[in-house]
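Undergrad: There's a structure below that I have some questions on.
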Amino acid sequence: MSQRNHPSQNQRQSAPQNVPGGNGNSILGKFGLDLTEEARNGRIDPVIGRDKEISRVIEILNRRTKNNPVLIGEAGVGKTAVVEGLAQKIVDGDVPQKLLDKRVIRLDVVSLVQGTGYRGQFEERMQQLMSELKRDQNTILFIDEIHEIVGAGDNEGRMDAGNVLKPALARGELQLVGATTLNEYRTIEKDAALARRLQPVRVDEPSTAEAIEILKGIKPKYEAYHHVKYTEEAINAAVLLSSRYIQDRFLPDKAIDLLDEAGSKKNLTIHAADPKVLDEKISHAEANKQAALKDEDYEKAAYYRDQVNKFTEMKQNSVSDENAPIVSDKDMEAIVEEMTQIPVGELKEKEQNQLRNLADSLKKHVIGQDEAVTKTTRAIRRNRVGFNKSNRPIGSFLFVGPTGVGKTETAKQLADELFGSKDSMIRFDMSEYMEKFSVSKLIGSPPGYVGYEEAGQLTEQVRRHPYSLILLDEIEKAHPDVMHMFLQILDDGRLTDSKGQTVSFKDTIIIMTSNAGSGDSVINVGFGAEANGTTNSILDKLSRYFKPEFLNRFDDIIEFNALSKDDLGKIVDLMLQDVNKMLQEKQMSLSVTRPVCDKLVELGYDKKMGARPLRRTIQEQIEDKVTDFCLEHPSVKNFAAKIENNQIVIAESTAKS
């Protein structure tokens with residue numbers, strides 16, 4: 001797409017001879033790169049699909065006045081490639097008569113400013129540049145990141161580069177092409193005198209079909225460089241996968257990066273040398289051998305003879321272009337997975353088993369909520385298999401029910417099962433977002449406000465971890481403006497932060513928990529009874545707290561039931577397993593009888609608090625008592641919990657651990 005991917009660019013850019021006619025003292029010779037010369041020597045990648053923009057640039061350059069185009073577009077859409085396309089057309093003679101003898105020189109503004117610390121040095125360089133351009137009317141100056149010239153060199157009261165250029169532009173003494181992003185162009189627009197001398201040309205991101213054609217055009221360059229072959233499926237996958245999964249960059253740049261990365265990775269599997277490089281080495285060694293024979297230096301001639309033989313043997317074992325490794329769409333999928341940590345393509349065997357057994361795995365940790373777990377896992381499995389073609393998140397759920405029944409625990413276990421770690425859960429306590437200004441905490445402060453430079457808590461987390469579970473605890477406590485913000489996420493799977501960057505939520509699972517409307521349910525259900533409320537009754541209760549458009553955005557609203565006595569007994573078993581895991585790290589063990597478990601349920605049951613008090617009960621009745629016993633009997637490693645006089649006591653276990 002552009003020469004910035006060419007391996008020898010840095011060498012070329014630093015050489016003064018890049019600009020014909022330039023010498024060591026000329027500004028263009030020191031800080032310029034002649035793109036027309038690069039095109040003439042075939043060192044520019046083919047420019048595909050930018051005919052409209054190149055024609056518009058030529059039209060503006062062909063004008064009598066105000067003939068200075070500036071290309072405006074996001075980073076990576078191909079602004080530099082448009083200028084390279086212009087240089088190629090000039091070389092091919094496919095331009096109006098007035099432009100046939102022109103040459104396009106790219107100016108490095110950063111290097112131009114470097115080393116001008118003393119007053120007057122920068123102005124001297126700029127005046128020398130203006131003089132050179134005035135003498136050579138056939139030069140079109142290309143300034144990439146042209147916004148940098150506004151203010152460049154401007155310190156201690158010195159004139160900046162923009163103010164030096166304005167008079168020359170007004171008099172028509174120089175012709176330039178600029179390139180900048182949409183946001184940075186505002187810097188130039190503030191300087192009305194400079195802006196009116198420039199003609200903006202929009203360079204939009206190409207469509208996926210156009211990007212595929214661009215990659216097909218530059219494919220031979222990358223095949224020759226990496227000594228690989230790209231399949232047509234690989235080219236299509238590079239565009240489609242980068243468009244789908246790499247949200248913070250633009251086509252075709254991100255697709256070209258995938259192409260380059262895949263070629264580089266496949267090239268590492270080649271253990272033979274490049275035949276073309278070996279031919280050069282053989283010729284060089286043969287020439288040195290002949291020179292040594294001519295000088296009668298037979299020892300050196302023998303050395304080069306051995307070199308010729310070695311390189312000839314290596315060439316016989318080398319890989320020809322016909323036998324080059326193949327880069328397939330599977331290679332592209334693997335690289336995207338590595339870059340984004342998002343599973344891409346067909347379901348792997350491990351993930352298939354994971355999704356197949358997801359409900360059973362969750363039910364082992366989430367007790368008494370089988371229906372809630374089944375509904376949640378069905379929605380996730382449905383979306384992951386491919387029934388979610390929109391940009392909505394993988395799944396969005398509202399968990400409702402009384403406190404302590406497992407809403408948050410379900411989210412934690414889901415993150416662990418689906419993403420491999422409980423750390424993959426991004427948790428927000430919505431009681432911290434009760435004020436109107438809380439929106440700025442999530443997406444960042446607007447310009448002019450304190451904290452503008454800091455990233456939003458939600459947008460930054462999702463940008464860094466696009467494949468994760470987002471838990472919004474006690475959503476009913478959030479300010480209505482915060483809830484309105486989530487409408488867009490639940491519907492479109494995207495959110496724009498305060499800096500204008502769009503963050504994709506397509507690969508997240510969003511779970512909101514709420515106790516709203518659960519008070520009546522607790523009274524009706526009672527301890528150990530069956531819940532008999534329907535979905536309609538849940539919605540009726542929730543409508544008192546949430547607007548209908550908010551409730552309507554969720555994939556499912558899942559009601560969590562009050563826990564029965566048997567459920568609490570199973571939860572006690574799980575908690576005691578955790579206690580034993582901690583003791584095993586110290587080479588200790590704890591055995592607990594069934595009556596002890598029943599006693600813990602009795603002590604830990606609170607109708608209003610659900611299972612939460614069980615954690616505190618186990619700390620007081622088990623962990624504290626084991627700690628006391630351990631301090632009094634330091635040699636004892638195996639403990640037993642028993643009931644004596646209707647109290648839980650700890651003693652030494654007689655059974656082997």
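The values are calculated or read from the model by the stated rules, or taken from the named source; none is laboratory data. Bear in mind the structure is a predicted one, so any value in this text is a computation, not a measurement. Here the Cβ is made from the backbone with ideal geometry for all residues, glycine too, and neighbour counts use every protein chain on show.
Undergrad: Between a first residue in segment 490-501 that is farther than 15 Å from Glu454 by Cβ and a second residue that is β-branched (Val, Ile, Thr) and surrounded by 16 or more Cβ atoms within 10 Å (Cβ to Cβ), which pairs have beta carbons less than 6 Å apart while being 6 or more apart in sequence or on different chains?
TA: Once the first residue is farther than 15 Å from Glu454 by Cβ and sits in segment 490-501, its partners that are β-branched (Val, Ile, Thr) and surrounded by 16 or more Cβ atoms within 10 Å (Cβ to Cβ) give Leu495/Ile489; Leu495/Val503.
Undergrad: How many residues are assigned to a helix (DSSP H, G or I) and hydrophobic (A, V, I, L, M, F, W, C) if we restrict to segment 393-447? Full working, then the answer.
TA: Of all residues in segment 393-447, those assigned to a helix (DSSP H, G or I) come to 407-419, 422-424, 430-432, 438-443.
Of the ones still in play, those that are also hydrophobic (A, V, I, L, M, F, W, C) are 411, 414-415, 418-419, 430, 439, 442-443.
Residues flagged as assigned to a helix (DSSP H, G or I) and hydrophobic (A, V, I, L, M, F, W, C) within segment 393-447 amount to 9.
Undergrad: Same structure again: Restricting attention to segment 217-227, does a residue exist that is touching a Phe, Trp or Tyr at 6+ places or on another chain (Cβ under 9 Å), touching a residue at least 12 places away in the same chain (Cβ under 8 Å) and not hydroxyl-bearing (Ser, Thr, Tyr)? It would help to see each step written out before you state the result.
TA: Step one: of segment 217-227, the residues touching a Phe, Trp or Tyr at 6+ places or on another chain (Cβ under 9 Å) are 219, 222-223.
Among the residues that remain, those that are also touching a residue at least 12 places away in the same chain (Cβ under 8 Å) are: 219, 222-223.
When the remaining residues are screened for being not hydroxyl-bearing (Ser, Thr, Tyr), the result is 219, 223.
Checking segment 217-227: at least one residue is touching a Phe, Trp or Tyr at 6+ places or on another chain (Cβ under 9 Å), touching a residue at least 12 places away in the same chain (Cβ under 8 Å) and not hydroxyl-bearing (Ser, Thr, Tyr).
Undergrad: Output yes when any residue across segment 206-224 is modelled with pLDDT under 90 and not in a helix (DSSP H, G or I), and no when none is.
TA: yes
Undergrad: I would also like to ask the following. Restricting attention to segment 578-604, which residues are over 13 Å from Val626 (Cα atoms) and of a type in the set (A, V, I, L, M, F, W, C)?
TA: Answer for segment 578-604, where residues must be over 13 Å from Val626 (Cα atoms) and of a type in the set (A, V, I, L, M, F, W, C): Val596, Cys597, Leu600, Val601, Leu603.
Undergrad: Let me ask something else. Quick check on my filter: what residues within segment 378-410 are among the small types (Gly, Ala, Ser) and at pLDDT 85 or above?
TA: Within segment 378-410, just Ser396 meets the criteria.
Undergrad: Something else: Which of the following residues is touching a helix residue (DSSP H, G or I) at 6+ places or on another chain (Cβ under 7 Å) and more than 28 Å from Gln127 (Cβ to Cβ): Lys30, Lys79, Lys89? Even if it seems obvious, please write down each step before you answer.
TA: Numbers: Lys30 fails: more than 28 Å from Gln127 (Cβ to Cβ); Lys79 fails: touching a helix residue (DSSP H, G or I) at 6+ places or on another chain (Cβ under 7 Å).
Matching residue, one of Lys30, Lys79, Lys89: Lys89.
Undergrad: If you go through segment 124-137 one residue at a time, do you hit one that is farther than 18 Å from Leu165 by Cα and either in contact with a strand residue (DSSP E or B) (Cβ under 6 Å, 6 or more places away or on another chain) or surrounded by fewer than 22 Cβ atoms within 10 Å (Cβ to Cβ) (or both)? Walk me through how you get there before you give the answer.
TA: Narrowing segment 124-137 to residues farther than 18 Å from Leu165 by Cα: none.
For segment 124-137, residues farther than 18 Å from Leu165 by Cα and either in contact with a strand residue (DSSP E or B) (Cβ under 6 Å, 6 or more places away or on another chain) or surrounded by fewer than 22 Cβ atoms within 10 Å (Cβ to Cβ) (or both): absent.
Undergrad: State all residues of segment 595-638 that are farther than 26 Å from Lys407 by Cα and assigned to a helix (DSSP H, G or I); if no residue qualifies, say none.
TA: Looking only at segment 595-638, we keep the residues that are farther than 26 Å from Lys407 by Cα, and these are 595-596, 624-638.
Those that are farther than 26 Å from Lys407 by Cα and assigned to a helix (DSSP H, G or I): Pro595, Val596, Asp624, Lys625, Val626, Thr627, Asp628, Phe629, Cys630, Leu631, Glu632.
Undergrad: Out of all the residues in segment 182-228, which are farther than 19 Å from Asp144 by Cβ, basic (Lys, Arg) and assigned by the TED database to the domain that holds Glu84?
TA: In the first step, residues of segment 182-228 are kept if they are farther than 19 Å from Asp144 by Cβ; the result is 190, 192-193, 196, 206-228.
From what is left, the residues that are basic (Lys, Arg) are 190, 196, 216, 219, 221.
Result: Lys190, Arg196.
Undergrad: Consider Phe250 against the criteria (1) in a loop (DSSP other than H, G, I, E, B); (2) modelled with pLDDT under 80: it satisfies all of them except one. Which criterion is unmet?
TA: For Phe250, the failing item is (2).
Undergrad: Same structure, new question: Sort through Gly78, Gly93, Gly42 and tell me the only one that's exposed (fewer than 15 other Cβ atoms within 10 Å of the Cβ), modelled with pLDDT of 85 or more and among the small types (Gly, Ala, Ser). Write out each step before concluding.
TA: On the way: Gly78 fails: exposed (fewer than 15 other Cβ atoms within 10 Å of the Cβ); Gly42 fails: modelled with pLDDT of 85 or more.
After applying the criteria, what remains is Gly93.
Undergrad: If I go through segment 595-605 residue by residue, how many of them are free of Cβ contacts under 8 Å to residues at least 24 places away in the same chain and surrounded by 13 or more Cβ atoms within 10 Å (Cβ to Cβ)? Working first, answer last.
TA: If we filter segment 595-605 for residues that are free of Cβ contacts under 8 Å to residues at least 24 places away in the same chain, which is where we start, we get 602-603.
Checking which are surrounded by 13 or more Cβ atoms within 10 Å (Cβ to Cβ) leaves us with 603.
Counting residues in segment 595-605 that are free of Cβ contacts under 8 Å to residues at least 24 places away in the same chain and surrounded by 13 or more Cβ atoms within 10 Å (Cβ to Cβ) gives 1.
Undergrad: In this structure, is Leu71 touching a Leu at 6+ places or on another chain (Cβ under 7 Å) and either at positive phi or of a type outside the set (Lys, Arg) (or both)?
TA: Criteria not met by Leu71.
Undergrad: Checking the conditions here, which among Ala238, Ala285 is in a helix (DSSP H, G or I), surrounded by 17 or more Cβ atoms within 10 Å (Cβ to Cβ) and at pLDDT 85 or above? Give the derivation first.
TA: Working: Ala285 fails: at pLDDT 85 or above.
Testing whether each residue is in a helix (DSSP H, G or I), surrounded by 17 or more Cβ atoms within 10 Å (Cβ to Cβ) and at pLDDT 85 or above leaves just Ala238.
Undergrad: Here's another thing I want to ask about it. Of Ile571, Ile557, which residue is out of contact with any Cys (no Cβ under 6 Å at 6 or more places or on another chain), among the hydrophobic types (A, V, I, L, M, F, W, C) and either farther than 30 Å from Leu631 by Cα or not in a helix (DSSP H, G or I) (or both)? Spell out the reasoning first.
TA: Values: Ile571 fails: either farther than 30 Å from Leu631 by Cα or not in a helix (DSSP H, G or I) (or both).
Answer to the selection: Ile557.
Undergrad: Asp191 passes all but one of (1) at pLDDT below 85; (2) surrounded by fewer than 20 Cβ atoms within 10 Å (Cβ to Cβ); (3) farther than 27 Å from Glu59 by Cα; which number fails?
TA: Asp191 satisfies every listed condition except (3).
Undergrad: While we're looking at this one, here's another question. Can you confirm whether segment 581-594 contains a residue that is of a type in the set (D, E, K, R), in contact (Cβ under 8 Å) with a residue 12 or more places away in the chain, under 19 Å from Val366 (Cβ atoms) and part of a helix (DSSP H, G or I)?
TA: Taking every residue of segment 581-594 in turn, none turns out to be of a type in the set (D, E, K, R), in contact (Cβ under 8 Å) with a residue 12 or more places away in the chain, under 19 Å from Val366 (Cβ atoms) and part of a helix (DSSP H, G or I).
Undergrad: Consider Asp520 carefully, then state whether it is at pLDDT below 85 and under 30 Å from Thr181 (Cα atoms).
TA: No.
Undergrad: Please give the number of the condition Lys66 fails out of (1) over 24 Å from Asn183 (Cα atoms); (2) modelled with pLDDT under 85; (3) assigned to a loop (DSSP other than H, G, I, E, B).
TA: Failing condition for Lys66: (1).
Table: residues versus (1) modelled with pLDDT of 80 or more; (2) outside the structural domain of Ser468 (by the TED database); (3) assigned to a helix (DSSP H, G or I).
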| residue | (1), (2), (3) |
| --- | --- |
| Asp279 | no, yes, yes |
| Ala291 | yes, yes, yes |
| Glu296 | no, yes, no |
| Arg305 | yes, yes, yes |
| Phe311 | no, yes, yes |
| Ile335 | yes, yes, yes |
| Lys363 | yes, no, yes |
| Thr376 | yes, no, yes |
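One line per residue, one yes/no per condition, for (1) touching a helix residue (DSSP H, G or I) at 6+ places or on another chain (Cβ under 9 Å); (2) of a type in the set (D, E, K, R); (3) at pLDDT 80 or above:
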residue: Asp606; (1), (2), (3): yes, yes, no
residue: Arg615; (1), (2), (3): yes, yes, yes
residue: Ile622; (1), (2), (3): yes, no, yes
residue: Thr654; (1), (2), (3): no, no, no
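Undergrad: Could you tell me which of the residues Thr180, Thr116 is of a type in the set (S, T, N, Q) and modelled with pLDDT under 85?
TA: Working: Thr180 fails: modelled with pLDDT under 85.
Every option except Thr116 fails the conditions.
Undergrad: Testing Leu182 on (1) out of contact with any strand residue (DSSP E or B) (no Cβ under 9 Å at 6 or more places or on another chain); (2) within 24 Å of Arg494 (Cβ to Cβ), one condition comes back false. Which one is that?
TA: The number of the failed condition is (1).
Undergrad: Looking at segment 609-626 only, could you name the residues that are out of contact with any Gly (no Cβ under 9 Å at 6 or more places or on another chain) and in contact (Cβ under 8 Å) with a residue 24 or more places away in the chain?
TA: Taking segment 609-626 first, the residues out of contact with any Gly (no Cβ under 9 Å at 6 or more places or on another chain) are 619-620, 622-626.
Those that are out of contact with any Gly (no Cβ under 9 Å at 6 or more places or on another chain) and in contact (Cβ under 8 Å) with a residue 24 or more places away in the chain: Ile622, Glu623, Lys625, Val626.
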